[in-house]
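Encoded as structure tokens, the structure appears first; notes follow it.
Taken together, the values in this text are just the output of simple stated rules run on the coordinates, not laboratory data. Since the model is a prediction, treat every value here as computed from it, not as a measurement. We place every Cβ from the backbone using ideal geometry, glycine too, and count neighbours over all the protein chains shown.
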Amino acid sequence: MKKLINDPEAVVREELEGIEAAHGDRVRVSYDPYYIVRKDAPVQGKTAIISGGGSGHEPMHGGFVGVGMLDGACPGEVFTSPTPDQMSACTQAVSGGKGVLHIVKNYTGDVLNFEMAADLARGDGIEVEAVVIDDDVAVKDSLYTAGRRGVGATVLAEKICGAAAESGASLSQVAELCRKVNANARSMGMALTSCTVPAAGKPTFELGEDEMEIGIGIHGEPGRERRKLAPANEIVELLTKPIVKDLPFAQGDKVLAFVNGMGGTPLIELYVVYNALNKYLHGRGITIERNLIGPYITSLEMAGCSITLLKLDDETRRLWDAPVNTPGLRWGA
Amino acid sequence: MAITAEQTLAFVRDFSDSMADQKDYLTGLDSDIGDGDHGINMNRGMKAVMAKLDGAAPADISAIYKTVAMTLISTVGGASGPLYGTLFLQLGNATQGKAELSANDWAAALTTAVHGVEARGKAVPQDKTMIDALEPAIAALQTAVDEGADLETALARAETAAETGMKATIPLVARKGRASYLGERSAGHQDPGATSSWLLMKAAHRAFGNTAEQESAN
């Protein structure tokens, strides 16, 4: 597997140095421990929001640090949860006296490390609330699994909550909003290829030339089901049908449709997917009012896509439209 | 026959060597049903542990375990960091103030530590996790000690029980962690966390058992 890197062990560090060099006008980078915060952190009197996760999902989360989205982000090693000392230091760095929200994707590692970090932060006298995102419908949410994974809805929650915090909402209001976004969003992803963790040197799983993996997560792990490759229209139905059924989305609903590239799939294909999604939803009386199309929550160079639908209301629509200025997402500012 | 601070350091070093040797094997197991980083993460964590311990003044048993805990928590990441971190933190708490450990002390400390991991991760036996190796190990350890067996025997039985538990994860359908997203497809693969836990019990046997005693007597 060919990669554009130097020493595989130094990838995360070199990436952070690159981010600092490119976006030093908007963010500050800490190297011990690793975290990224908005340049004007801590913003006094504002509820702060941080998130974090393994590296390899860029631009999530570090690329979403800035005005109108995250105050801080903690990058772990590739596909590995960051550690409590990172979140603890980052929480301190962004705390403006109105508390800090931790947006946590539902993976065992993320949940455990953020739990320990929240304990540390509270011990430092900072009010912390955590909301766990678990929008993936591929996994049955039962007693017999680690629960549903946090995927595409994470990006939407970070934007919407970031806007609310920017406009002066309290910690409990922002946390409640985060729970609302999570409760109204559903996602499902698929892969055409696996991906290679730099330090491992080979793909996490093998997929045949005529195969695809349905129900993937974002860490190169195998999904629920392997099938023969199908055309995009069929793939969109395979992903969207369970999404629509699960919430459920109903005729008359207004949604934000997020077609996410896993990293290795070109925009030309994502637009083919969006076209199919638009027709599928239109045929069911569901209106797409907003969209996001592109690689926003990736899995290194994995080829594939995920679809997230968020049922919109006046509040979430307004907050989605609000200005944002981060390296990964920017409009109105 | 008692476990000393020196042997405790040897135990940690043996486990660290093990994580280095078995890095690719553990990563391979984790690729089958996870995201392919268990070996990489554990090796990174234990290397950092040894760098800390080798650079520091000699410490007592409890301090050694606590250093292992804090270092793993801040370097391993994922679920393994908090879980192994909790295991060693509890070992550190349970051995506070002890210059040496009897077989009974070791059994009690490890039992408390494993229960701590269960409280943090909320796994129960058959979930297909490290607990499936560690629960049988502590049961075997405690039984041996209750029967009056010597330390070597107790350690050997714990290692064997961990190995049996590890192999027994193969047919299980995972109910915890990343493997649980695979559903039925997780069956037929050995759990990487149970494997590193077996290697931990193996390291304890080598460091605290008869071979170690003989070597230090020579």
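Results, tabulated for the structure shown:
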{"read-out": "Degrees, to the nearest 10: B:5-21 long Cα axis against longest axis of chain B", "value": "30 degrees"}
{"read-out": "In segment B:5-217, lysine pairs with alpha-carbon atoms under 25 angstrom apart (chain gap of 8 or more, or interchain)", "value": "25"}
{"read-out": "Average beta-carbon neighbours from other chains, 10 Å sphere, peptide A:102-114", "value": "5"}
{"read-out": "R0 of 51 Å, Cβ-Cβ distance A:Y271-A:S172: FRET efficiency to nearest 0.05", "value": "0.80"}
{"read-out": "Qualifying chymotrypsin sites (Phe, Trp or Tyr not before Pro) for segment A:88-180 [loop in DSSP, other Cβ within 10 Å: at most 14]", "value": "A:Y144"}
{"read-out": "Proximal aspartates and glutamates to A:K279, defined as alpha-carbon separation beneath 18 angstrom and excluding residues fewer than eight positions away on the same chain", "value": "A:E234, A:E237, A:D253, A:E269, A:E289"}
{"read-out": "Relative contact order (%) - chain A, alpha-carbon pairs under 8 angstrom, separation at least six", "value": "18 percent"}
{"read-out": "Rounded to whole Å, sorted largest first: equivalent-ellipsoid semi-axes of the protein assembly as shown, Cα gyration tensor", "value": "43, 26, 20"}
{"read-out": "Difference of contour (0.36 nm per residue) and Cα-Cα distance, A:E206 to A:R318", "value": "36.0 nm"}
{"read-out": "Neighbour count of at most 12 Cβ within 10 Å plus DSSP loop: longest GluC sites (Glu not before Pro)-free window in chain A", "value": "A:1-205"}
{"read-out": "HN-Hα J in Hz across segment B:112-122 - Karplus 6.51, -1.76, 1.60, θ = phi - 60°, x for Gly and Pro", "value": "4, 5, 5, 4, x, 5, 5, 5, 6, x, 6"}
{"read-out": "Estimated inter-spin distance, B:E184 and A:Q251, nm [label 7 Å along Cα→Cβ]", "value": "3.6 nm"}
{"read-out": "Cα-projected label distance for A:K2 with A:K241, points at 7 Å along beta-carbon direction, nm", "value": "3.9 nm"}
{"read-out": "Within the protein assembly as shown, percent of DSSP bridges classed antiparallel, to nearest 5", "value": "55 percent"}
{"read-out": "Mean separation of Cα contacts under 8 Å, 6 or more apart, over the residue count of segment B:113-166: relative contact order %", "value": "36 percent"}
{"read-out": "A:E127/B:N104 FRET efficiency (R0 30 Å; Cβ-Cβ; nearest 0.05)", "value": "0.10"}
{"read-out": "Mean separation of Cα contacts under 8 Å, 6 or more apart, over the residue count of chain B: relative contact order %", "value": "23 percent"}
{"read-out": "Relative pair counts by distance (%), Cα atoms of segment A:185-317, 10 Å bins", "value": "13, 45, 31, 10, 2"}
{"read-out": "CD proxy at 222 nm, helix term only [per DSSP H run n ≥ 4: -39500 (n - 2.57); per residue of chain B; nearest 500]", "value": "-23000 deg cm²/dmol"}
{"read-out": "Size of electric dipole in chain A: Cβ of Lys, Arg +1 and of Asp, Glu -1, about Cα centre, debye, nearest 20", "value": "920 debye"}
{"read-out": "Euclidean distance between Cα centres, segment A:76-120 to segment B:1-78, Å", "value": "23 Å"}
